[in-house]
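Chemist: Below is one structure. I have some questions about it.
The values are calculated or read from the model by the stated rules, or taken from the named source; none is laboratory data. Please read these numbers as outputs of a predicted model, since none were measured by experiment. Neighbour counts run over all protein chains shown; Cβ positions are idealised from the backbone, glycine included. These area figures cover heavy atoms from the full protein model, side chains too; ligands, DNA and RNA do not enter into them. Shrake-Rupley method; radii C 1.70, N 1.55, O 1.52, S 1.80 Å.
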Amino acid sequence: MVLILGGTAEARALAARLHADGLAVTSSLAGRVANPRLPAGTVRIGGFGGPEALGRWLAAHQIAAVIDATHPFAQRISASAAQAAPAAGVPLLRLERPGWSERPGDRWHWVDDLEQAAGAIGSLGERVLLTTGRQGLAAFATVGHAWFLVRCVDPSDPPLPPHHELLLDRGPYTLDGELELIDAHGVDLIVTKDSGGAHTKAKLDAARRRGLAVIVVRRPPRPAVPSVPTVDEAVDWARAHAG
Ligand code: NAP
């Protein structure tokens, strides 16, 4: 049995490929999203209870290999896997999509975290499309001089920025759709994590078209685990370790 730590489009694609290949696969989701897109194969939902509990879970379910395909900003579950899998003698691979890179015409401002992103808004814009997700919005709660269009999959708990509108939506997004959104709301600044991937990239193309500044939050440091950037490579690895 292969365990995929999921919550990303790549994790779903990987589960579909391994399931179609006849490999036994369980995908694990955190349970943050009310109606998640469910991957093929078996799905379990909810935290494990920390690295030790994850280690026990791996042994109890006779897991032959773990693929951590979680989001680049999901730090705790990756740290948990990096501790639990080697301790349980289970091979671990990280599947991580490459980050985005700037192209000519982009006006990107890199910051280290959401607090820095909030601090950088003042000089860059007043009508902000905020796409950093539902968690961590408290960092923007004291930014009173700007209006925010907060786009996330599910409603967020307070505190939120004093002037905002919530837009519940999930990708993939298109260039035309993002241009329309920017124009309709008079957006002059976008804030994003460096999530990478194609599903949410259209906002960056739209920002370039409209000459908008973008504040990009850098990825956090990751545990030292063998890593591949594509689903194809993760499929090969899984076949070799659990086929
Ligand atoms: P996190 O801070 O790394 O995780 C917090 C806790 O949630 C973990 O300690 C773990 O609980 C549990 N958890 C997280 N992912 C899990 C999984 N796939 N299966 C089982 N338990 C999981 O993660 P997060 O940033 O809250 O993200 C939660 C999930 O949303 C991740 O699976 C990630 O792939 C997805 N996601 C995150 C982002 C983002 O920007 N952070 C964006 C898109 C999708 P225990 O310690 O109890 O095991």
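Chemist: Is it true that some residue in the range 172-195 is modelled with pLDDT under 95, closer than 23 Å to Pro220 by Cα and not in a helix (DSSP H, G or I)?
Modeler: No: the range 172-195 contains no residue that is modelled with pLDDT under 95, closer than 23 Å to Pro220 by Cα and not in a helix (DSSP H, G or I).
Chemist: In this structure, is Gly186 on the phi > 0 side of the Ramachandran plot, of a type outside the set (Phe, Trp, Tyr) and either touching a residue at least 60 places away in the same chain (Cβ under 8 Å) or open to solvent by less than 30 Å² (accessible area, probe 1.4 Å) (or both)? I'd like the intermediate steps shown before the answer.
Modeler: Values: on the phi > 0 side of the Ramachandran plot: yes; of a type outside the set (Phe, Trp, Tyr): yes; either touching a residue at least 60 places away in the same chain (Cβ under 8 Å) or open to solvent by less than 30 Å² (accessible area, probe 1.4 Å) (or both): no.
Criteria not met by Gly186.
Yes/no matrix, rows are residues, columns are (1) of a type in the set (S, T, N, Q); (2) in contact with a strand residue (DSSP E or B) (Cβ under 7 Å, 6 or more places away or on another chain):
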site	(1), (2)
Ala88	no, no
Leu114	no, yes
Ala120	no, yes
Thr131	yes, yes
Asp157	no, no
His164	no, yes
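Chemist: Still on this model: Which one is farthest from Arg218 (Cα to Cα), of the residues in the range 45-72 that are within 11 Å of the ligand (Cβ to nearest atom) and open to solvent by 40 Å² or more (accessible area, probe 1.4 Å)?
Modeler: Trp57
Chemist: So which residues in the range 18-34 are within 14 Å of the ligand (Cβ to nearest atom) and either over 18 Å from Ala69 (Cα atoms) or touching a Cys at 6+ places or on another chain (Cβ under 7 Å) (or both)?
Modeler: Here is the first cut: in the range 18-34, the ones within 14 Å of the ligand (Cβ to nearest atom) are 25-34.
The answer is Ala34, and nothing else.
Chemist: Suppose the filter is open to solvent by 50 Å² or more (accessible area, probe 1.4 Å) and in a loop (DSSP other than H, G, I, E, B); does Pro161 pass it? Quick ask: steps written out before the conclusion?
Modeler: Values: open to solvent by 50 Å² or more (accessible area, probe 1.4 Å): no; in a loop (DSSP other than H, G, I, E, B): yes.
So Pro161 does not fit the description; no.
Chemist: Residues of the range 73-104 being surrounded by fewer than 19 Cβ atoms within 10 Å (Cβ to Cβ) and touching a helix residue (DSSP H, G or I) at 6+ places or on another chain (Cβ under 6 Å), which ones?
Modeler: Gln83, Ala87, Ala88, Pro91
Chemist: Now for a different question. Among the strands (runs of 3 or more DSSP E) contained in the range 1-52, which hold 3 or more residues that are over 16 Å from Ala242 (Cβ atoms) and among the charged types (D, E, K, R)? Steps first, answer last, please.
Modeler: On the way: elements: 2-5, 25-29, 42-45.
Strands (runs of 3 or more DSSP E) meeting the threshold: none at all.
Chemist: Which of the numbered conditions does Ser101 fail, given that it passes all the others? Conditions: (1) touching a strand residue (DSSP E or B) at 6+ places or on another chain (Cβ under 9 Å); (2) within 30 Å of Ile215 (Cα to Cα); (3) assigned to a loop (DSSP other than H, G, I, E, B); (4) away from the ligand (no atom under 11 Å from the Cβ).
Modeler: Single failed check for Ser101: (1).
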